[in-house]
1. I'd like the full set of residues that are surrounded by fewer than 17 Cβ atoms within 10 Å (Cβ to Cβ), among the hydrophobic types (A, V, I, L, M, F, W, C) and in contact (Cβ under 8 Å) with a residue 40 or more places away in the chain, limited to the stretch 91-110.
2. If you take the residues of the stretch 274-301 that are part of a helix (DSSP H, G or I) and of a type in the set (D, E, K, R), which of them is farthest from F68 (Cα to Cα)?
3. Within the stretch 153-172, track down each residue that is buried (at least 19 other Cβ atoms within 10 Å of the Cβ) and among the small types (G, A, S).
4. Return only the number of the condition from (1) in a loop (DSSP other than H, G, I, E, B); (2) among the aliphatic types (A, V, I, L, M); (3) away from ligand 3 (no atom under 14 Å from the Cβ) that L130 does not satisfy.
5. Identify the single condition in (1) buried (at least 17 other Cβ atoms within 10 Å of the Cβ); (2) at pLDDT 95 or above that E71 does not satisfy, given that it satisfies every other one.
6. Could you tell me whether V196 is within 15 Å of ligand 1 (Cβ to nearest atom) and aliphatic (A, V, I, L, M)?
7. Looking at the structure I just gave you, is M252 among the aliphatic types (A, V, I, L, M) and more than 16 Å from ligand 1 (Cβ to nearest atom)?
8. Would you mention how many residues in the stretch 291-350 are of a type in the set (A, V, I, L, M) and touching a Ser or Thr at 6+ places or on another chain (Cβ under 8 Å)?
Amino acid sequence: GAAIGILGGGQLGRMLAMAGAQLGFDIHVFDPEPNCPAARVCDRAWAAPWDDLGAVQAFAARCAAVTFEFENVPLEALNAAASAAPVRPGARSLELTQDRVTEKDFINGLGIATAPWAVAGSLDTLKAALERVGTPSILKTRRFGYDGKGQARLKSQADAEAAWDEIGRQPAILEGFASFRRELSVVAARALDGTVLPFPLAENVHRGGILRESTGPAEASEAIRDQAIAIAERIGAGLEHIGVFAVELFDMGEQGLWVNEIAPRVHNSGHWTMDACPAGQFEQHMRAVAGWPLGDPEPHSRCTMSNLIGHDVDAWTDLIADPDVRLHLYGKREVRDGRKMGHVNRLRKL
Ligand code: ATP
Ligand code: MG
Ligand code: MG
């Protein structure tokens with residue numbers, strides 16, 4: 001079969017590899033860590049540092065198409081891959097979402113609402129940003145944040161210095177605190193021909209900045225669903241995205257939906273689709289990357305996904321005793337606090 005390459009070999013790369021193998025592709029995985037979760041389920045694992053652009057290029061040269069599983073793949077590495085194979089999604093999706101400032105500019109430029117925000121590049125500009133955005137607010141590093149890392153909350157202007165220290169005095173963005181009713185996300189696939197097929201909305205519960213639970217399809221009015229689909233279509237087209245992407249949303253009640261952030265890839269809040277939909281997010285992504293038509297995203301079940309974080313994973317033997325529970329373990333060799341070790345999907349009648 002044709003080969004598809006995946007840049008990054010964490011759990012998302014692993015689940016992409018498994019879905020791709022089911023469709024008959026040879027899967028190549030590139031990750032600096034030779035023993036990463038995806039390396040053990042693929043046809044060929046390539047281990048080299050991200051800045052070894054020659055290695056990235058050699059990897060891509062063996063593939064009919066290349067994709068990525070996380071947005072912190074260096075742009076130089078993606079461009080090196082693109083010199084040897086089609087890269088889907090392309091550099092535009094990566095570049096616009098790697099940095100929270102370019103991301104927010106892009107979203108607002110499409111006429112889509114976010115929390116109020118301002119750039120904070122120094123303690124002085126943070127103080128100026130606080131004048132504009134006010135409190136309560138959240139200071140976030142522009143790059144490399146995930147699972148709520150690199151963030152500090154401010155209750156008043158007096159917290160500026162402590163927050164600036166807390167995030168390590170890095171280029172940052174200050175966001176007004178959104179008093180949302182709940183958090184939702186829309187995960188969608190965009191095919192090579194521009195067709196966008198969204199999955200139904202998921203409702204997401206975070207604790208300590210980490211996603212704990214997602215339930216899909218979320219209960220939502222038609223107005224909310226329409227707004228979410230319109231947001232996904234505009235963002236997908238604006239990125240010229242090929243593959244799956246996710247948009248994290250705040251349900252602001254009367255004010256409609258605000259976008260929190262975009263993930264230019266398969267997303268934790270889409271894991272419920274792998275057992276509840278004929279074509280889940282991993283299959284949809286591999287179809288799009290291969291240039292195939294998309295599959296059917298209409299769910300046949302309702303599903304609640306619960307992440308197994310750190311030692312949560314120790315309960316897996318009890319969890320699999322329930323016939324409505326599907327277990328997904330990521331094969332990580334070491335349990336660490338806060339680390340995503342696996343998830344379970346609990347299915348119910350729709
Ligand atoms: P992810 O793992 O989703 O990439 P992240 O580290 O990029 O997470 P965010 O999504 O920015 O972090 O924030 C994590 C969570 O913190 C959000 O899901 C939400 O619960 C809360 N949060 C973030 N920004 C805001 C905001 N402006 N107002 C209110 N709550 C917020
Ligand atoms: Mg994020
Ligand atoms: Mg997030």
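1. Result: L110, single match.
2. Filtering the stretch 274-301 for residues that are part of a helix (DSSP H, G or I) and of a type in the set (D, E, K, R), the one farthest from F68 (Cα to Cα) comes out as D275.
3. A160, A163, A172
4. (1)
5. Failed condition: (2).
6. no
7. On the way: among the aliphatic types (A, V, I, L, M): yes; more than 16 Å from ligand 1 (Cβ to nearest atom): no.
So M252 fails the test.
8. 5
The values are calculated or read from the model by the stated rules, or taken from the named source; none is laboratory data. What you are looking at is a predicted structure, and each value in this text was computed from that prediction instead of being measured. A quick note on method: Cβ atoms are made from the backbone with ideal geometry, for glycine too, and the neighbour counts reach across all protein chains shown.
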